[in-house]
Amino acid sequence: MIDHRTLRVALLGAGSVGSQVARLLLDHADELEERAGARLELAGIAVRDVDAKRDVELPRELLTTDAHELIVGSDIVIELMGGIEPARTHILDALGSGADVVTGNKALLATHGAEIFDTADQVGASVSYEAAVAAAIPIIRPLKDSLAGDRVTRIFGIVNGTTNYILDRMDKEGADFDAVLADAQALGYAEADPTADVGGHDAAQKAAILASLAFHTNVPIEEVHCEGITAIDSAAIDNARKAGFVIKLLATCERLAADGDDAEAISVRVYPALVDREHPLASVHGGNNAVYVEAEAAGPLMFYGAGAGGVETASAILGDVVSAARRHIAGGVGVGESARGEAPIAPIGRITTRYQITLDVSDEQGVLATVANILSDGGVSLATVEQTVSEDADGVSRARLVIGTHKAREQALSDTVERLAASDVVERVVTVLRVEGD
């Protein structure tokens, strides 16, 4: 066996992912050494409480509460603490000490990515983050390296396993949102406070990272349009099914061509959308993720797999660690991010899409004609309409319209929905869903 150099690896955090990373570093040390060309010595694990119960039994002598002391003198620092602080400070300290950084911290990269990457470039270190977007699915490296010579036009996909699990079960079983969410929490798919997932914020952070990579520009998280799935009920699921769709929470990053007075821009958005049941994304079930990439030369590509899980995410982390180790052995500066420009981020009103609009309306003559006129006045073309009539508890007849539109500017569609809501014949706008994947 070749006598390899030893690299000190510091691990910050020993939660479900961190504990699995530690286990694999210790159990597979010989195999990782052969792949990396260096002995990867786990120098220590920084934790908040050394006595806390963990998924994996770890050597107590490796546990410490002094993250800063552990960072100093390490060659590679793996940050799996999550959150903004102290993770940001520890990463900047690691880069300042000359270490390469591996992280899965999507929230930090979405808010302070530009600062972290600039610091890495200044000191010649590297920051790797394959695990930040879709756990075990390799999507960061393909965008960063494999497609660097191509022109990506659109990315859209399922990047949050919790919401996909919820919507998938609602679609398959006809279950209510609250009941499935409770099950997801009991199974560990959803946190006690599920707001980051069901509110779309987790997916928005990932969308910002994907768009920054794909379009070689800085995409601030506050520029990402974000809607969650809390308004989706069993009726919306049924209406989607009848029209040949399934509802998925999608992250969409799109290059918008120049149009009239509007220059080329980037659209980054997250919302529940209708996907044709024949589209590959419609067959992504349970807690899985899938990212669909469209590029001018490569055409359509889809990346699919486990979007969460401790050991699955650890796979992506260790892939980055091996790459960082190889760079250390080869020498030279780290490979920085692709040049980050400042392409304009388009408002949501500029995208072109089509809607499915569900309305509760008065059950009387002329209602459909009035609704059609409002659509026409707004420049929105009616594609399909389905009407159902029922009686409420008081015996009053009620009508529900499910309207499908042709493609139009989002602003025109949104303005039209506002006019519908203000109409005397419309009692309630029940849901408004966009169609993606055309």
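Each value in this text was obtained by applying a stated rule to the coordinates, not by laboratory testing. Computed from a predicted model, the values in this text were never measured in an experiment. Neighbour counts run over all protein chains shown; Cβ positions are idealised from the backbone, glycine included.
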- Note on the structure: In whole percent, the Cα-Cα distances of segment 373-438 spread across 5 Å bins from 0 upward as 3, 14, 25, 26, 14, 8, 6, 2, 0
- Task: Provide the gained length on full extension for the span residue 326 to residue 372, in nm with one decimal, where the gain is 0.36 nm per separating residue minus the Cα-Cα distance.
- Result: 10.2 nm
- Message: Using each residue's phi in segment 200-211, evaluate 6.51 cos²θ - 1.76 cosθ + 1.60 at θ = phi - 60° and report the 3J(HN,Hα) Karplus result to the nearest Hz, with x for Gly and Pro.
- Response: x, 5, 4, 5, 5, 4, 5, 4, 4, 5, 4, 5
- Message: Name the residue from 114, 345, 324 whose Cα lies farthest towards the positive end of the charge dipole of the chain, charges +1 on Cβ of Lys and Arg and -1 on Cβ of Asp and Glu.
- Response: 324
- Evaluated at 37 °C and 0.692 mPa s, the Stokes-Einstein D of the chain based on the Kirkwood radius over Cα pairs, in µm²/s, stands at 139
- Query: How large is ³J(HN,Hα) for each residue in segment 371-381, as worked out from phi by the Karplus curve 6.51 cos²θ - 1.76 cosθ + 1.60 (θ = phi - 60°), to whole Hz, x for Gly and Pro?
  - Reply: 4, 4, 5, 4, 4, 4, 4, x, x, 10, 8
- Cα-based helix-to-principal-axis angle, 410-422 vs the chain, degrees rounded to 10: 50
- Taking 421-430, 218-227 and ranking on average Cβ neighbours within 10 Å, highest first, one gets 218-227, 421-430
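Could you work out the Rg to Rh ratio of segment 149-273, with Rh taken as the Kirkwood radius (inverse of the mean 1/r over all Cα pairs)?
Details: Rg = 16.1 Å, Rh = 15.5 Å.
Result: Rg/Rh = 1.04.
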- Highest first, please rank the peptides 21-30, 128-137 by the mean number of other Cβ atoms sitting within 10 Å of their residues. 128-137, 21-30
- Message: Sequence gap of 8 or more, or different chains, plus Cα separation below 15 Å: how many lysine pairs satisfy both in the chain?
- Response: 4
- Query: With each pseudo-label sitting 7 Å past Cα toward Cβ, what's the residue 30-residue 176 distance in nm, one decimal?
  - Reply: 5.7
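Considering only the other residues whose Cβ falls under 12 Å of the Cβ of residue 414, what net charge follows from Lys and Arg at +1 and Asp and Glu at -1?
+1
In nm, what is the difference between 0.36 nm times the number of residues separating residue 365 and residue 49 and their Cα-Cα distance? Before the final figure, lay out the partial values.
Values: separation 316, 0.36 × 316 = 113.76 nm, distance 6.89 nm.
So the extension gain works out to 106.9 nm.
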- Zone of residue 231's modelled label, taken as backbone nitrogen in segment 119-159 under 20 Å from a point 7 Å along Cα→Cβ: none
- Item | Distribution of pairwise C-alpha distances over segment 86-228, 10 Å bins, in % | 11, 35, 32, 17, 5, 0
- Query: What are the residues whose amide H is under 5 Å from the amide H of residue 226, where those residues sit 5 or more places off or on another chain and H is modelled from the backbone?
  - Reply: 270
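Remind me, what semi-axes does segment 1-144 give for its equivalent ellipsoid, largest first in whole Å, using sqrt of 5 times each Cα gyration tensor eigenvalue?
Details: eigenvalues 95, 71, 51 Å².
Value: 22, 19, 16 Å, ordered largest first.
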- Message: If I take the Cα coordinates of segment 360-408 and project them onto the principal axes, what are the three extents in Å, biggest first?
- Response: 39, 16, 11
- What base-10 log of the normalised intensity I(q)/I(0) is obtained for segment 17-67 from the Debye formula, alpha carbons as equal point scatterers, at q = 0.28, 0.29 Å⁻¹? -1.11, -1.16
- Item | Within a Gaussian network of the chain (alpha carbon springs, distance under 10 Å), most fluctuating of 124, 299, 378 | 299
- With the Cα gyration tensor of segment 239-344 in hand, give its eigenvalues times 5 under a square root as the equivalent ellipsoid semi-axes, listed largest first in whole angstrom. 32, 25, 11
- Count the net charge of all other residues whose Cβ sits under 11 Å from the Cβ of residue 429, scoring Lys and Arg as +1 and Asp and Glu as -1. -1
- Whole-Hz Karplus ³J(HN,Hα) for segment 28-45, in order, using 6.51 cos²θ - 1.76 cosθ + 1.60 and θ = phi - 60°, x for Gly and Pro? 10, 4, 5, 5, 5, 4, 5, 6, 7, x, 7, 6, 9, 8, 6, 6, x, 10
